[in-house]
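Participant: Take this structure, written in structure tokens, and hold onto it; I'll ask about it next.
The values are calculated or read from the model by the stated rules, or taken from the named source; none is laboratory data. The structure displayed is predicted, hence computed values, not measured ones. With ligands, DNA and RNA removed, areas are computed over all heavy atoms of the protein, side chains included. Shrake-Rupley method; radii C 1.70, N 1.55, O 1.52, S 1.80 Å.
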Amino acid sequence: QVQLVESGGGLVQAGGSLRLSCAASGRTFSNYAMGWFRQAPGKERDFVAAISWSGSRSYYADNMKGRFTISRDNGKNTVYLQMNSLRPEDTAVYYCNADRDKIPKSPTPGDYWGQGTQVTVSS
């Protein structure tokens, strides 16, 4: 199975930017569609963005469009989430998600998860 390791989280002021990375290993990365989800304290895990196997198609939750951009580099086995214009309500643990057979997005996330990376946006 594929292993996923997120990085790039941290503390940022409102209006700032962060780029999350998710490095995959263990299987052929291009065989997996990839996604990002997030979970704030006391809330359910929510879909953020997803990208197809080749990177030709991307999908976003409505409140992320225009601020977040998902991309992937199959040569580096890595998927990215560029987050701009961050808001305090974006504070959450962000999880990388992968699936061989479908685009991992709400309501059907993929089968494989990373351990998560914390993003905190201060006001």
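Participant: Tell me, what HN-Hα J-couplings in whole Hz come from the Karplus equation 6.51 cos²θ - 1.76 cosθ + 1.60 at θ = phi - 60° for each residue of segment 27-43, using x for Gly and Pro?
Facilitator: 8, 5, 4, 5, 7, 10, 6, 10, x, 10, 10, 9, 9, 8, x, x, 10
Participant: Over the chain, what percent of the accessible surface lies on carbon and sulfur atoms, probe 1.4 Å?
Facilitator: 44 percent
Participant: Given an 8 Å cut-off on Cα distances and at least 6 residues of separation, report the relative contact order of segment 28-123 as a percent.
Facilitator: 31 percent
Participant: Over segment 45-123, give the accessible area per residue in Å² for a 1.4 Å probe, as an integer.
Facilitator: Ligands and nucleic acids excluded, the figure is 49 Å² per residue.
Participant: Show the residues, 5+ positions off or on another chain, whose built amide H is closer than 5 Å to the amide H of Y112.
Facilitator: A98
Participant: Still on this structure, please answer the following. Using only the Cα atoms of the chain, build the gyration tensor, take square roots of its eigenvalues as a ≥ b ≥ c, and label the shape rounded, prolate or oblate: rounded if a/c is under 1.5, else prolate if a/b is larger than b/c, else oblate.
Facilitator: prolate
Participant: Mind listing the phi-derived Karplus ³J(HN,Hα) values for segment 114-123, rounded to whole Hz, using 6.51, -1.76 and 1.60 with θ = phi - 60°, and x for any glycine or proline?
Facilitator: Values per residue, Gly and Pro as x: x, 8, x, 9, 7, 10, 10, 10, 8, 8 Hz.
Participant: ³J(HN,Hα) across segment 45-59 via Karplus (A = 6.51, B = -1.76, C = 1.60, θ = phi - 60°), whole Hz, x for Gly/Pro?
Facilitator: 6, 10, 5, 10, 7, 8, 9, 6, 4, 8, x, 7, 10, 9, 9
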